[in-house]
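This report refers to the structure that appears directly beneath it.
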Amino acid sequence: MSHRVAATIAFFLLQAGLAPATDAQAPRVGPNRGTVVVVGGGTMGPEIYRTFIEAAGGPEALIVIVPNAGGAESYPQDGPGTRGWKAAGARNLFTFFTKDRKVADSDSFVAVLKRAGGVWFEGGRQFRLVDAYAGTKTEVAFREVLARGGVVGGSSAGASILGDFLVRGAPSNNNFIMHYPGYEKGFAYLRNTGVDQHVVARDRLADFADSLLPKFPTLLGISEDEGTAWVIRGDTGTIIGKSKGFVYGGKDPNDPDTPLLTLHPGDRYDLGARRVMRRAHEGTALTPDFVRGLFRKYDDPIAGGAAVLVAQEGRVLVNRAFGIPAQPKYTPRTTAPAFTLGAVAGIFQAICDQLPEPPARPAGADTATAAPLTPFQRCVSQRAATPVGLRKTFATAAGEVRSNVDELYRVALGLQQDAYTRAGSNEPGVPRQSIDATRGWEADEVGGAKRYRAFATTNGRRSAFVRIPSREITIIVLTNDEGADARGIADRLLEAMPAAGR
């Protein structure tokens, strides 16, 4: 019996409820020991690198990077996959690669894994990881890292391989096949669980619910957007990063008009009980009723819609939209690019003014048939977007910018974390250049801390974007209402924040 057939039989026994019983005190889904870090692809922020490095044992711990999913024939020890880790402070990295299953099944090859504190699976196509390592001594050694109390994790394809059911495992470049016979089994660090990724950025939120839950109704589905991670210890999963995580098949009520539940950075979820443990806003004055009271007017679509995001120290305390219609494929309404930023666009102009122009493209390289972009349009869609992962923010030829609260939060994090400087230092031909994160904002002080604000209009109406960097606070209020007192709403939200943030 092949390793893939045996693994598939084990998975279907679990689905049918015929798997062996386990200790009632042991985690049902997550690891008995150690940590699993599941990242939705895209650019990772320092909080994800830091969490993984700490779980591996600190900067001196050996972190093994597994790049097979990328599909190359070889990988150097100092390849591109190591740069982000080095910049984050990891000092002991080893690139681990073979396509030969006999090598993967040898004691000499797996010896390095005996010393590892962490194993990281890079992105690409997950079937390549199955082909190289499933059922070999290497796969056993990966699991032993976790059993010793270490950490395993991955991004994109490297996230999906962490699950029991292998989502999008087809041995091809067809990302639309959710369930492929013979490639249904991942490395199962999360039991009876399937993992999807890139779900907001690539409009994939509907795929798990539509394709897998009807076939496997007891399967737990989790997913995460780009730059966002599930950090799982035992059955407790915590969301960190830039965007959102999602659950399919949980026991809490789903989001209205969707088959899924949304989680935000700072939220904690019990994967075994399939219930929310704690929302990040709990214990603060930023209750759903309080926020609804500030924006009740915009429940009526005639008012033009509104959205709000409040974050502190990496926790998203408020993330809601009002009067925004349901979006295709269950896309979060807070990501709809429904708002013209007005003078808030000045922050993009300030970023663009400081970013170096990329090297000129060869003649004839631009084959687009659309009208040429202005320099500002090009900067907003490329140089200002790529380092922080913007997908739905764009500028018009007249210089206006349209965006949403979720993507503006990525900008705030990027400025806080110096993402533009870090990205520039890694791009061939682009010199490293520090970004002054205070340009394009009006500054004052609140509670002894510097506050930076931008408004859609000079009198603080319609929309507001507020940052207090020393307290890691971001408040974003977007409306299409010229009469909205965005300055006043932002002030009330700040007053309701935990005392340490004021």
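In segment 433-456, what residues are of a type in the set (A, V, I, L, M, F, W, C), in contact with a strand residue (DSSP E or B) (Cβ under 7 Å, 6 or more places away or on another chain) and not in a strand (DSSP E or B)?
Of everything in segment 433-456, just one residue is of a type in the set (A, V, I, L, M, F, W, C), in contact with a strand residue (DSSP E or B) (Cβ under 7 Å, 6 or more places away or on another chain) and not in a strand (DSSP E or B), namely TRP441.
Residue check: is PRO325 in contact with a Pro (Cβ under 8 Å, 6 or more places away or on another chain) and at pLDDT below 95?
Numbers: in contact with a Pro (Cβ under 8 Å, 6 or more places away or on another chain): yes; at pLDDT below 95: yes.
In short, yes.
Could you say whether any residue in segment 202-210 is in a strand (DSSP E or B), within 17 Å of GLY40 (Cα to Cα) and not acidic (Asp, Glu)? Give the steps one after another, and end with the answer.
Taking segment 202-210 first, the residues in a strand (DSSP E or B) are none.
For segment 202-210, residues in a strand (DSSP E or B), within 17 Å of GLY40 (Cα to Cα) and not acidic (Asp, Glu): absent.
Scan segment 211-246 for residues that are out of contact with any strand residue (DSSP E or B) (no Cβ under 6 Å at 6 or more places or on another chain), of a type in the set (Ser, Thr, Tyr) and part of a loop (DSSP other than H, G, I, E, B) and jot them down.
Within segment 211-246, just THR218 meets the criteria.
Being hydrophobic (A, V, I, L, M, F, W, C) and out of contact with any strand residue (DSSP E or B) (no Cβ under 8 Å at 6 or more places or on another chain) is true for just one of ALA280, ALA285. Which residue is that?
Just one listed residue meets the conditions, ALA285.
Need pairs with beta-carbon distance below 8 Å; first residue touching a residue at least 24 places away in the same chain (Cβ under 8 Å) and outside the structural domain of ASP207 (by TED's automatic domain parsing) and within segment 323-340, second part of a loop (DSSP other than H, G, I, E, B) and of a type in the set (Lys, Arg); sequence gap 6+ or separate chains.
Hits for this filter: LYS329/ARG204; PRO332/LYS244; THR335/LYS392; ALA336/LYS392; PRO337/LYS392.
For segment 286-318, give me each residue that is farther than 19 Å from ILE239 by Cα, in contact with a Pro (Cβ under 9 Å, 6 or more places away or on another chain) and of a type in the set (Gly, Ala, Ser).
GLY305
One residue is enough: does segment 128-136 have a residue meeting the conditions outside any helix (DSSP H, G or I) and within 19 Å of THR35 (Cα to Cα)?
No; the residues of segment 128-136 include none that is outside any helix (DSSP H, G or I) and within 19 Å of THR35 (Cα to Cα).
Let me confirm something: among LEU205, LEU162, LEU190, LEU166, which residue is more than 25 Å from ALA26 (Cα to Cα) and at pLDDT 95 or above?
LEU205
Would you check if there is a residue in segment 96-111 being outside any strand (DSSP E or B), closer than 27 Å to ARG391 by Cβ and in contact with a strand residue (DSSP E or B) (Cβ under 7 Å, 6 or more places away or on another chain)? Give the derivation first.
Residues of segment 96-111 outside any strand (DSSP E or B): 96-111.
Still in the list and also closer than 27 Å to ARG391 by Cβ: none.
Within segment 96-111 (the criterion being outside any strand (DSSP E or B), closer than 27 Å to ARG391 by Cβ and in contact with a strand residue (DSSP E or B) (Cβ under 7 Å, 6 or more places away or on another chain)), the answer is no, since none of the residues qualifies.
List every residue pair whose Cβ atoms lie under 6 Å apart, where the two residues are 6 or more positions apart in sequence or sit on different chains, the first residue falls within segment 38-55 and is in the same structural domain as GLY81 (by TED's automatic domain parsing) and touching a residue at least 60 places away in the same chain (Cβ under 8 Å), and the second residue, located anywhere, is in a helix (DSSP H, G or I) and crowded, with 19+ Cβ neighbours inside 10 Å.
These pairs meet every condition: VAL38/ALA159; VAL39/ALA159.
For segment 320-340: of the residues being part of a strand (DSSP E or B) and of a type outside the set (S, T, N, Q), which is surrounded by the fewest Cβ atoms within 10 Å (Cβ to Cβ)?
ARG320
Pairs, please: C-beta under 7 Å, at least 6 apart or cross-chain, first residue within 15 Å of VAL152 (Cβ to Cβ) and in segment 122-135, second among the charged types (D, E, K, R)?
Taking only residues 6 or more apart or on different chains, the pairs are GLN126/ARG168; TYR133/GLU139; ALA134/ARG4.
Just a yes or no: is a residue in segment 211-219 farther than 18 Å from VAL316 by Cα and among the polar types (S, T, N, Q)?
yes
Which one is surrounded by the most Cβ atoms within 10 Å (Cβ to Cβ) among residues in segment 137-146 that are of a type in the set (A, V, I, L, M) and under 20 Å from GLY58 (Cβ atoms)?
Among residues in segment 137-146 that are of a type in the set (A, V, I, L, M) and under 20 Å from GLY58 (Cβ atoms), the one surrounded by the most Cβ atoms within 10 Å (Cβ to Cβ) is VAL145.
Would it be correct to say that VAL195 is in a strand (DSSP E or B) and in contact (Cβ under 8 Å) with a residue 40 or more places away in the chain?
Values: in a strand (DSSP E or B): yes; in contact (Cβ under 8 Å) with a residue 40 or more places away in the chain: yes.
So VAL195 fits the description; yes.
Could you list, in sequence order, the residues of segment 147-166 that are out of contact with any strand residue (DSSP E or B) (no Cβ under 7 Å at 6 or more places or on another chain) and either crowded, with 24+ Cβ neighbours inside 10 Å or not in a loop (DSSP other than H, G, I, E, B) (or both)?
If the condition is that a residue be out of contact with any strand residue (DSSP E or B) (no Cβ under 7 Å at 6 or more places or on another chain) and either crowded, with 24+ Cβ neighbours inside 10 Å or not in a loop (DSSP other than H, G, I, E, B) (or both), then ALA147, ALA157 are the ones that fit.
Only one of (1) assigned by TED's automatic domain parsing to the domain that holds PHE322; (2) crowded, with 19+ Cβ neighbours inside 10 Å is not met by GLY249, so which one is it?
(1)
Going by the conditions given, is THR458 of a type in the set (S, T, N, Q), touching a residue at least 60 places away in the same chain (Cβ under 8 Å) and either touching a Leu at 6+ places or on another chain (Cβ under 9 Å) or surrounded by 19 or more Cβ atoms within 10 Å (Cβ to Cβ) (or both)?
Answer is no for this residue.
Would a scan of segment 378-388 turn up a residue that is touching a strand residue (DSSP E or B) at 6+ places or on another chain (Cβ under 7 Å) and at pLDDT 90 or above?
yes
So, of the residues in segment 296-310 that are assigned to a strand (DSSP E or B) and in contact with a helix residue (DSSP H, G or I) (Cβ under 6 Å, 6 or more places away or on another chain), which turns out to be farthest from ILE475 (Cα to Cα)?
Filtering segment 296-310 for residues that are assigned to a strand (DSSP E or B) and in contact with a helix residue (DSSP H, G or I) (Cβ under 6 Å, 6 or more places away or on another chain), the one farthest from ILE475 (Cα to Cα) comes out as ALA306.
In segment 305-319, which residues are surrounded by 19 or more Cβ atoms within 10 Å (Cβ to Cβ) and either not hydrophobic (A, V, I, L, M, F, W, C) or not assigned by TED's automatic domain parsing to the domain that holds LEU408 (or both)?
Within segment 305-319, GLY305, GLN312, ARG315, ASN319 meet the criteria.
Starting from residues that are under 21 Å from ALA188 (Cβ atoms) and aliphatic (A, V, I, L, M), keep the ones in segment 252-276 and report whichever is surrounded by the fewest Cβ atoms within 10 Å (Cβ to Cβ).
That would be ALA273.
The values are calculated or read from the model by the stated rules, or taken from the named source; none is laboratory data. All values derive from a computational prediction rather than experimental measurement. When we count neighbours, we look across all protein chains shown, and the Cβ atoms used for this are built from the backbone with ideal geometry, even at glycine.
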